[in-house]
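What follows is a single structure, written as structure tokens, with notes after it.
The values are calculated or read from the model by the stated rules, or taken from the named source; none is laboratory data. Everything numeric here is computed off the predicted structure, so don't read it as measured data. Because the Cβ atoms are built from the backbone with ideal geometry, glycine has one as well, and the counts that use them run over all protein chains shown. Accessible surface areas use protein heavy atoms only, side chains included; no ligands, DNA or RNA. Shrake-Rupley method; radii C 1.70, N 1.55, O 1.52, S 1.80 Å.
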Amino acid sequence: MRTTLRASLSVTAIAVLTTFVAGCGGQPPGGQTSGAPAASSQLKIALIAKSSTNPVFLSARTGADAAARELSQKHGLAIEIAWLTPPAEDGQVQAQRIAQAVNEGASAVLLSCSDAGKVTGAINDAVVRGVPVMTFDSDAPQSKRFAFYGVDDVKTGQAVMEELAQQMGERGSIAILAGNQNAPNLRRRVDGVKQAAARYPNISIVGTFYHIETPQDAAAEVIRAQNAYPQIQGWAMVGGWPLFTQTLLSDLDPKKTKIVAVDALPAELPYVDKGLAPVLLAQPTYLWGYNSVQKIVEKISLKQDVPQIIPMDLVRVSKDNLGTWARQLKTWGFTDVADQYLKLP
């Protein structure tokens, strides 16, 4: 099973990156959109992610803006991305922002849910008032949203654990770093980690650690837990929050501790290079914005059918493809990719 998993992720990486390279000639990743001319030349999409300080959502915003520019030119539309993301995780504030978007004349809402229970009512109200809602990254499956775009969270958690087990020789004590306890996608990832860990009798889970989703708070929680439980030899991180700081590079010894985490943005690449995080499972977060805007345009302006569930594949990032991945990030418009990684084969 582990060999199959690694092969599957490697094939996914090659397939995804090949598609992106093909798209660099000006075509959007995922192919051209076709259909009848838009009924309206104006389209305002309210983008409400979890937190405006989280780099993964800033990359989604970059992707959304790029799609808006390209699709505006292609279809003769005026597409506006209204960034209504709160500064910190708060489901109630997100619900208020959804209502604000409707009141301010948004054509659609694109949302990553901090707390599905707190936003479902606001989503349903928006849809009743004629404003369709699409979710990405973190879903509200009981709501009236028309589509969700993201990874399979249980399988993502399982993949993190499988990779970590291999890095640890299938034995030792691990901890789970889990972010916001109310986020439904993260809870499912944690479930996946635990399901996969149960297959390894010589691996024990010391605990699951939640935290505010900022790099500083996440890194502080890792250090606190590591000090409280010095037997921790591995971290299964269902999000890469602490790797956006350099703190753990100096506070953890890669000879004693291994990390496998979700996401692989530029700030996280030194952890792969130094061997503290030998494997990162990247969500192409730029595509959260790019592909989601494309689907909204297809549904609203081009009157096309859109699948209710749109899967996103993970990309396995290690030293073997660090240069390839770094160049992909650069192509997406990230300006903070270190030259040393861009020069790798």
Would you be so kind as to identify which of A99, G150, G130 lies farthest towards the positive end of the dipole of segment 78-166, taking Lys and Arg as +1 and Asp and Glu as -1 on Cβ and the Cα centre as origin? G130
Check each of the GluC sites (Glu not before Pro) in segment 43-112 and keep only those in coil by DSSP with at most 12 other C-beta atoms within 10 angstrom; list them in order. E104
Using the Cα centre of the chain as the reference point, and only Cβ charges (+1 on K/R, -1 on D/E), how large is the resulting charge dipole? Debye, rounded to the nearest 20. 460
Could you state the per residue volume, in Å³, of the convex hull enclosing the Cα atoms of segment 87-145? 68
If you take the alpha carbon radius of gyration of segment 227-276 and divide it by 2.2 N^0.38 Å, what ratio comes out, to two decimals? 1.07
Let me know the Kirkwood hydrodynamic radius for segment 172-259, please, with Cα pairs as the basis and the value in Å to one decimal. 13.1
Which value, in Å², gives the accessible area per residue of the chain when a 1.4 Å probe is used on the protein heavy atoms? 40
Relative contact order of segment 203-327: what whole-number percent is it, with Cα pairs under 8 angstrom and at least 6 residues apart? 19
Relative to the longest principal Cα axis of the chain, at what angle does helix 2-23 sit, 0 to 90 degrees, rounded to 10? 40
As a test of the formula, what do you get for the chain when each DSSP H run with n ≥ 4 contributes -39,500 (n - 2.57) and the sum is divided by the residue count, at 222 nm and rounded to the nearest 500 deg cm²/dmol? -14000 deg cm²/dmol
For segment 139-231, listing GluC sites (Glu not before Pro) in a DSSP loop whose Cβ sees at most 16 other Cβ atoms within 10 Å gives E170
Straight distance only, please: which lysines reach the Cα of K44 with their own Cα at less than 22 Å, same-chain residues fewer than 8 apart left out? K74, K144, K295, K299, K303
In degrees rounded to 10, the 0-90 angle between helix 322-331 Cα long axis and the longest Cα principal axis of the chain is 20
On each of the three principal axes the extent of the alpha-carbon atoms of segment 202-345, given in whole Å and largest first, is 57, 36, 30
The chain: relative contact order in percent, alpha carbon pairs under 8 Å with at least 6 residues between: 19
Please report, as a whole percent, how much of the solvent-accessible surface of the chain comes from carbon and sulfur atoms (probe radius 1.4 Å). 50
Expected field for T247, accessible surface area in Å² at 1.4 Å probe radius, rounded to 10, holds 60
